[in-house]
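Some notes on the structure that comes next.
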Amino acid sequence: KKITKKQKDKIIINDNFRMAFKIKADGCHLGQSDGPIKIARKKINNILGVTCHNSKILAGNAIKDKVDYIAFGSFFKSKLKPNAIKANLSILKWAKKEIKKPIVVIGGINNLNYKKLMNAGAKYIAISSFIWDNPKLKPEFAIKLFK
């Protein structure tokens, strides 16, 4: 929290809304099996987002539960979650027209494939393995490839 505050960034806790609440994080991101979104919304007064895989129904439910952003994915093969449900670009095109909340994309995103997702309607990208598990680049250099 000290580092993110100093950098004027936000800290979003993944998968654990109770932890996010306990440490007064700036927000929380939940997967579909990380607990009830309605209960998380009662605890998290700031940023709350949820992964909806490739589902319009899950996205609609998340909107009803008053989340702040919707995440779709996995769009590409990912070392972090190799068995993740796959998403396709048509969900982004639909979301761009139908959802009035920010759209985040997840899953196997790197410096060569992210623009395709942004052009299809994503507002934000979530990147993990390319930055933190990259055998060719240190994290600070991997990040610079997206700026």
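General observations
- LYS116 vs. criteria farther than 21 Å from HIS29 by Cα, part of a helix (DSSP H, G or I) and either at pLDDT 95 or above or open to solvent by 40 Å² or more (accessible area, probe 1.4 Å) (or both): yes
- Across segment 89-104, the number of residues qualifying as open to solvent by less than 70 Å² (accessible area, probe 1.4 Å) and more than 16 Å from ASP34 (Cβ to Cβ) comes to 9.
- Residue in segment 19-37 that is among the hydroxyl-bearing types (Ser, Thr, Tyr), out of contact with any Cys (no Cβ under 7 Å at 6 or more places or on another chain) and open to solvent by less than 60 Å² (accessible area, probe 1.4 Å) present: no
- The listed residue being open to solvent by 90 Å² or more (accessible area, probe 1.4 Å), within 24 Å of LYS81 (Cβ to Cβ) and not acidic (Asp, Glu), out of ILE44, ILE13, ILE57: ILE57
- Qualifying residue in segment 65-87 (condition: in a helix (DSSP H, G or I) and surrounded by fewer than 17 Cβ atoms within 10 Å (Cβ to Cβ)): no
- Segment 123-147 - residue that is without any contact (Cβ under 8 Å) to a residue 40 or more places away in the chain and either closer than 14 Å to PHE76 by Cα or of a type in the set (A, V, I, L, M) (or both) and, of those, least open to solvent (accessible area, probe 1.4 Å): ALA142
- Under the condition of being small (Gly, Ala, Ser) and assigned to a strand (DSSP E or B), the residues counted in segment 24-64 number 2.
- Near pairs, Cβ below 8 angstrom, 6+ apart or cross-chain, from segment 84-113 (more than 24 Å from ILE47 (Cβ to Cβ)) to any residue that is in a helix (DSSP H, G or I) and open to solvent by less than 20 Å² (accessible area, probe 1.4 Å): LEU89/LEU117; LEU89/ALA120; LYS93/ALA120; ASN111/ALA142
The values are calculated or read from the model by the stated rules, or taken from the named source; none is laboratory data. This is a predicted model, so every value here is computed, not measured. All Cβ positions, glycine included, derive from the backbone under ideal geometry; neighbour counts span all protein chains shown. Note: accessible area is taken over every heavy atom of the protein model, side chains too, but ligands, DNA and RNA are not part of it. Shrake-Rupley method; radii C 1.70, N 1.55, O 1.52, S 1.80 Å.
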